[in-house]
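None of the figures in this text is laboratory data; all of them are computed from the coordinates on show. Since this is a predicted model, take the numbers as computed values, not measurements. Every residue, glycine as well, gets a Cβ built from its backbone with ideal geometry; the counts of neighbours run over all protein chains shown.
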Amino acid sequence: MEHIELFFKSIFIDNMVFATFLGMCSYLAVSKKVSTAVGLGAAVIFVLVVTVPLNWLLDQYILQPGALGKWLGEDYASYDLSFLSFIMFIATIATMVQLVEIIVEKFAPALYNSLGIFLPLIAVNCAILGGSLFMQSREIPTIGLATTYGLGSGIGWFLAILAIAAIREKIRYSNVPPALRGLGITFIITGLMAIGFMSFGGMLTGGDEESKNETPEVVEKIELEKEEIIKDTGAEHSQSIADNTIKVVE
Amino acid sequence: MGLLSKKDTKLITDPLADNNPITIQVLGICSALAITAELKASIVMSISVLFVLGVGNVVVSLMRNIIPSKIRIIVQLVVVAALVIIVDQVLKAFAYELSKTLSVFVGLIITNCIIMGRFEAFALGNGPWRSFLDGIGNAAGYGAILIIVGFFRELLGSGTLLGFKVLGDPIEKTGLYAIGYENNGFMLLSPMALIVVGVIIWVQRTRNKALVEDH
């Protein structure tokens, strides 16, 4: 149940492109044709599924305060290496991307031909590093959930780029004002799609709102939503998830 | 400008207008949009990128002859990551609240395409001084857009600028609120950042027809 919830949450509610604007550069640059968009989207899913759990392991056993103490003994329990997380994460991602590229080239040449040119691009795609950083800041508790989170975010990104590529293919036949053509209209369409995706926000909290009638002020609505999310998921880690959601909403 | 030759000045002024990294080169959008709900966060983000890009460009430019081209991406990533760690630690030490607001987006400066883009396109082929100017210019162009977006979103969304209530008090109904003005809370939501940038692109391309794309 936890897995299903996180899976749908990361696809729709915390969609990488529409809620947090991650991977926008390649999203805008590679969305002119559906076929290339599918290639890049598949590569992103693939790399996220591999790197998020790996970085989860790094985070749990090396980077977190006291993490070294878990396996090196009490002497090392006082170390806090969390400031190294950026460099460790990006190194893992860059290495994994290279490794994946080599393996895919060797064992699945057909896949390599379709994904090949996108793989190096992915090392510097913010969606990949963002996936790992959100995994860290939301304190995802188990490696299984981290994999689910990677898969869900990847699929969310895939959906977003697929949708915008399809729209851009069609919009070529419409009469867009000259100054808006290309980049401008893509931005505005993405904005509208993001507004559409916001309606998924009630998906996990839907139906539980009756009990919260004691604070009806609009000003406190955001605070209220935060409480709801915490109450619904129940688990301790949801505080940070809720914080992130609110931050993005704000 | 005795210090800068005409060509050098162009390096700084070009990215501010007709070669803007966000609206023309389509670089660095990832982290640009999410943090622009307040002006303060936009300014801090711009300064961080200014530092990382300025210093990073110089470092990469100094190393350009000794980096083997096969591993240059990873070398560049390490340079950026080291600089971003400095920024992150400084923010945590001196502006803790703000570093919480920026959350993972400070870390995401590493994969900000603008930085890798300038390293690849400029610093690898030019001397340190010119690279420095190019870095400053591009970061300023990026910052300019961030600040414009942040300005409008904070002003229209919460009626404040840098936290000061410039339009009056919405609860006590002073200033503009006395005549029935309401804040547009929608401006604070993330999709509006995209639409504001879209409008900036629209205005810019209407003024300069040479920039118009044919689909």
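Taking K and R as +1 and D and E as -1, what net charge do the other residues with C-beta under 12 Å from the C-beta of A:Ser174 add up to?
Every neighbour counted, the sum reads +3.
Within 10 Å of each Cβ in A:189-198, how many Cβ atoms from other chains are there, averaged over the peptide? Could the numbers behind the result be given before it?
Details: counts 3, 7, 12, 4, 2, 8, 7, 1, 2, 3.
If you average over the peptide's residues, the count of other-chain Cβ atoms is 5.
Order of A:Trp71, A:Trp56, B:Trp129 from fewest to most other C-beta atoms within 10 Å?
Details: A:Trp71 9, A:Trp56 23, B:Trp129 13.
With the fewest neighbours first, A:Trp71, A:Trp56, B:Trp129 line up as A:Trp71, B:Trp129, A:Trp56.
Sort largest first and round to whole Å: the equivalent ellipsoid semi-axes of chain B, each the square root of five times a Cα gyration tensor eigenvalue.
Details: eigenvalues 231, 88, 44 Å².
After diagonalising the Cα gyration tensor, the semi-axes are 34, 21, 15 Å.
I want the local charge near B:Val60. Using Cβ-Cβ distances under 14 Å, sum +1 for each Lys or Arg and -1 for each Asp or Glu among the other residues.
Details: positive: B:Arg64, B:Arg72, B:Arg118, B:Arg130; negative: B:Glu120, B:Asp134.
Here the charged neighbours net out to +2.
Quote to one decimal, in nm, the extra length available between A:Thr142 and A:Ile4 on full extension: 0.36 nm per residue of separation minus the C-alpha distance between them.
Once the chain is fully extended between A:Thr142 and A:Ile4, it gains 48.3 nm.
Sorted by average packing, counted as other Cβ atoms within 10 angstrom per residue and highest first, what order do B:179-189, B:20-30, A:161-171, A:6-16 take?
Highest mean packing first, the order is B:20-30, A:6-16, A:161-171, B:179-189.
Along Cα→Cβ, 7 Å out, is where each label goes; now give me the distance between the ones at B:Val90 and B:Glu172 in nm to one decimal.
About 3.8 nm, to one decimal.
Rounded to the nearest angstrom and ordered from largest down, what semi-axes does the equivalent ellipsoid of the protein assembly as shown get from its C-alpha gyration tensor (root of 5λ)? Don't jump to the answer; show the numbers that get you there.
On the way: eigenvalues 198, 184, 117 Å².
With the √(5λ) rule applied to the protein assembly as shown, the semi-axes are 31, 30, 24 Å.
State the Cα centre-to-centre distance between the range A:27-104 and the range B:16-45 in whole Å.
26 Å
Based on the mean of other beta carbon atoms within 10 Å per residue, what is the order of A:77-84, B:83-90, A:22-29, B:143-150, most packed first? The partial results should precede the final answer.
Working: A:77-84: 13.8, B:83-90: 18.0, A:22-29: 25.8, B:143-150: 22.4.
Those peptides, ordered most packed to least, come out A:22-29, B:143-150, B:83-90, A:77-84.
Around B:Asn19, what is the net charge, scoring Lys/Arg as +1 and Asp/Glu as -1 over all other residues with Cβ under 11 Å from its Cβ? Spell out each step's value before the answer.
Working: positive: B:Lys10; negative: B:Asp14, B:Asp18, B:Asp134.
Net charge in that neighbourhood comes out at -2.
For A:124-132, what's the mean count of beta carbons from other chains sitting within 10 Å of each residue's beta carbon?
Mean shielding count: 6.
Hey, rough spin-label estimate for B:Lys7 and A:Tyr79, points 7 angstrom out along Cα→Cβ, what's it come to in nanometres?
Using points 7 Å along Cα→Cβ, the separation is 4.9 nm.
For chain B, return all DSSP H helices satisfying: extent of Cα atoms along own axis at least 20 Å; mean Kyte-Doolittle hydropathy at least 1.0.
Correct list, ordered by number: B:39-62, B:72-94, B:190-207.
Starting with the fewest neighbours, write out B:Leu77, A:Leu129, B:Leu50 ranked by other beta-carbon atoms found within 10 Å of each beta-carbon.
B:Leu50, B:Leu77, A:Leu129
Go ahead and set up a Gaussian network model of chain B, Cα springs under 10 Å, then flag whichever of B:Ala139, B:Ala95, B:Ala193 fluctuates most.
B:Ala95
Could you give me the ³J(HN,Hα) list for the range A:70-87, computed from phi with Karplus coefficients 6.51, -1.76, 1.60 and θ = phi - 60°, whole Hz, x at Gly and Pro?
Along the range A:70-87, the couplings run 4, 9, 10, x, 4, 4, 9, 5, 8, 6, 10, 9, 4, 5, 7, 4, 4, 6 Hz.
What spacing in nm lies between the two simple spin-label points modelled at A:Ala29 and B:Ala210, each 7 Å away from Cα in the Cβ direction?
In this crude label model, A:Ala29 to B:Ala210 measures out at 2.4 nm.
Evaluate 2.2 N^0.38 Å with N set to the residue count of the range A:2-209, then give the Cα radius of gyration divided by it.
Values: Rg = 18.9 Å, N = 208, 2.2 N^0.38 = 16.7 Å.
Computed over Cα atoms of the range A:2-209, the ratio equals 1.13.
Which percent of Cα pairs goes in each bin when the distances of the range B:1-59 are cut into 10 angstrom slices starting at zero?
19, 43, 31, 7
Count the lysine pairs in chain B whose Cα atoms lie under 23 Å apart, taking only pairs 8 or more positions apart in sequence or on different chains.
7
Could you work out [θ]222 nm for chain B from helices alone, using -39500 (n - 2.57) per DSSP H run of at least four and dividing by all its residues? Round to the nearest 500 deg cm²/dmol.
Taking each H run of at least 4 residues, the total per residue is -19500 deg cm²/dmol.
In peptide B:106-115, what is the residue-averaged number of other protein chain Cβ atoms found within 10 Å of each Cβ?
Rounded to a whole number, the mean comes out at 6.
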